[in-house]
Amino acid sequence: MEGLLGQSWKNRDFTLSSVSELSSDASHASPGIARFTSDGLQIHQQSQEISLNFDLRTSQIFKLGPVQSVCIMEGSDVGKAESYSTGVTIQFKNEEECEAFHSVVQQWIKKANVQAGSLPNGTLTTSKSKFDEKIESSSAKMYFHYYGQLLHQQNMLQDYVRTGTYYAAVIENRADFTGRVVVDVGAGSGILSLFAAQAGAKHVYAVEASEMAEYARKLIAGNPKLAQRITVIKGKVEDVELPEKADILISEPMGTLLVNERMLESYVIARDRFLTPTGKMFPGVGRIHMAPFTDEYLFIEIANKALFWQQQNYYGVDLTPLHGTAFQGYFSQPVVDAFDPRLLIAPPMFHVLDFTKMKEEDLYEIDIPLRFIASVGTRVHGLACWFDVLFNGSTVQRWLTTAPGSPTTHWYQLRCVLSQPIYVMAGQEITGRLHLVAHNAQSYTIHLTLSAKMWGPGAEQGGIIQTSSCKLDLKEPYYRMSQAQAYPLAQDQQSQPLVQTQDINIQSHELEEPEIMQQLSPNSCAQIDSLMQKI
């Protein structure tokens, strides 16, 4: 290494205004010196007899503020609870010294990489992290840009169902937080870190990869009684190192349909990297709820979007060759809105995701067999979905739900609409499959099949009589934010309790080209009005 870095790196010193261990309070801070050598970084605290030596190939260095940084050393006992041995906070005399220090760090790493190749740890290396390997860079760039803006954080903070439920779950379970180490995964504005500190956490590490980390530092610094127990670390949970294990993981990793944005994978990775074997996760369990629905208004609304492409003389151009493609394209968008729960035509079922036990790979592909019993005779237009999560506190268990009929959240609900509805009678069995496949744009491709089984006398010898399928991209939903309309309730349609997921084998069937809506013309408004009056 001597020849690699050259003599100019030896004895490169930076005078530090203060040096203190992360686990100690400010009273134990004292001036010190940071010295770069051919082997790495040496930090000497004047009040201590020994110096700390950081191998920059395996250590982490983060900038906490204009004149403050943190250095975290990885321990040698990999896989044990004491895996990450120590960390220190260092403060410089001015911003120029701080910038110069980090410049030298990057130069040291760059020179080391020339000979040694990519280094193993996080943001200080040129190697791809696990996150970067599975997510395309353009998607990640847009994702972190979106969550780096205050207006989007405000939208989530003003979801009082979301924020209020998190606050209640933390404060009502002070026994789980008091004196404990907490890691906030994807901290955003830092609001959950502040909640944890209010509940008596010993220390909170707020990990945030977007530029929102700077706003979080500012917000936390503006609450000085809590700030001394919170450290904001800018970086991905897949990459960063922490000086100690966590007793509690807290996060808001839920997206549309629970799994959109694929942050649940990062949550599980953080569990494996940072959580003690007896630690808790807030939330610890998620459930995807599903039920078939009927909604003639919605179906006609989507189908009529493609009527534009039925024009045979649009400025002299025949658009009809693209009508079929446009028709299927509109039905490939999941619908995100709040709907009347009376549109559900069967008791819902749910699929459980246990964040405390599942593997990251379990989220790459989710296969859910479906089985329902229709409670009303009608046309089935698709599958409605929503989710809830459980905060399994020692004192109070609390659910956060996005169910239709409950107070609306910024997640709303999601509906997969079939381009070819199926007909059912009350008491008829509906089977199918919901298959979610993750893709590198931080979302999922949805494959849905619904089938109506033979009903009535001789049904036990019969099979499937109707099948309809669709393929949707969860990344590209149709945000239909109108208020839920009042729908008349059929006489034989009654509210039903939840039923649990059952494992059944379903054979899928290919969907033939849809022939519905062919009778509609560009002047079909009168037909639609007449149909709506009959519903």
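Across segment 167-188, the qualifying residues are those that are assigned to a helix (DSSP H, G or I) and open to solvent by 70 Å² or more (accessible area, probe 1.4 Å), and the one among them that is nearest to TYR364 (Cα to Cα) is TYR167. In summary, GLY427 fulfils each of the numbered conditions (1) more than 25 Å from the chain's Cα centre (by Cα); (2) part of a strand (DSSP E or B) with the single exception of condition (2). State yes or no: is GLU252 surrounded by fewer than 24 Cβ atoms within 10 Å (Cβ to Cβ) and closer than 16 Å to LEU353 by Cα? Spelling it out, GLU252 is indeed surrounded by fewer than 24 Cβ atoms within 10 Å (Cβ to Cβ) and closer than 16 Å to LEU353 by Cα. Counting only strands (runs of 3 or more DSSP E) wholly contained in segment 311-406, the ones carrying 2 or more residues that are open to solvent by less than 20 Å² (accessible area, probe 1.4 Å) occupy 335-337, 349-354, 365-373, 378-392. When residues in segment 138-166 are screened for being over 15 Å from ILE191 (Cβ atoms) and surrounded by 16 or more Cβ atoms within 10 Å (Cβ to Cβ), 4 of them pass. Considering each residue of segment 271-282 in turn, none proves to be open to solvent by 10 Å² or more (accessible area, probe 1.4 Å), over 26 Å from ASN173 (Cβ atoms) and of a type in the set (D, E, K, R). Can we say GLU211 is charged (D, E, K, R), farther than 29 Å from ARG57 by Cα, in contact (Cβ under 8 Å) with a residue 12 or more places away in the chain and open to solvent by 30 Å² or more (accessible area, probe 1.4 Å)? Here the answer is no, as GLU211 does not meet what is asked.
Across segment 415-425, not a single residue is classified as buried (at least 22 other Cβ atoms within 10 Å of the Cβ), under 30 Å from GLY279 (Cβ atoms) and not acidic (Asp, Glu).
The values are calculated or read from the model by the stated rules, or taken from the named source; none is laboratory data. Just so you know, these numbers come straight off a predicted model, no measurement behind them. Counting neighbours? That spans all protein chains shown, and the Cβs are built from the backbone with ideal geometry, glycine included. When the accessible area is computed, the model is the full protein with side chains, heavy atoms only, and any ligands, DNA or RNA have been set aside. Shrake-Rupley method; radii C 1.70, N 1.55, O 1.52, S 1.80 Å.
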